[in-house]
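Step one of this worksheet: look at the structure below.
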Amino acid sequence: MLLSMKTAKEHLRLAGMTILEGRYILNVPSIDGFARRVDDALGALPTGAQYYVVARR
């Protein structure tokens, strides 16, 4: 099942979690130098096929 970041965050909130961070990540083989800067700059935009959400109880 694929979930959008918005849906994943909502499920975590409903489970009593506090969202600490959520970012989109690019699907690049090497995150070093230039690729790292591009990934950091675009992290708020849904440009990659992946994302992560950090939450805490």
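Odds and ends about this structure:
- Accessible area expressed per residue, the chain, with surrounding protein chains retained (probe 1.4 Å, Å²): 78
- Accessible surface of the chain [probe 1.4 Å, protein heavy atoms]: carbon and sulfur percent: 56
- Nearest-ten-degree value, helix 5-14 long axis tilted from longest Cα axis of the chain: 30
The values are calculated or read from the model by the stated rules, or taken from the named source; none is laboratory data. Everything numeric here is computed off the predicted structure, so don't read it as measured data. We work out accessible area using only protein heavy atoms, side chains counted, and drop any ligands, DNA or RNA first. Shrake-Rupley method; radii C 1.70, N 1.55, O 1.52, S 1.80 Å.
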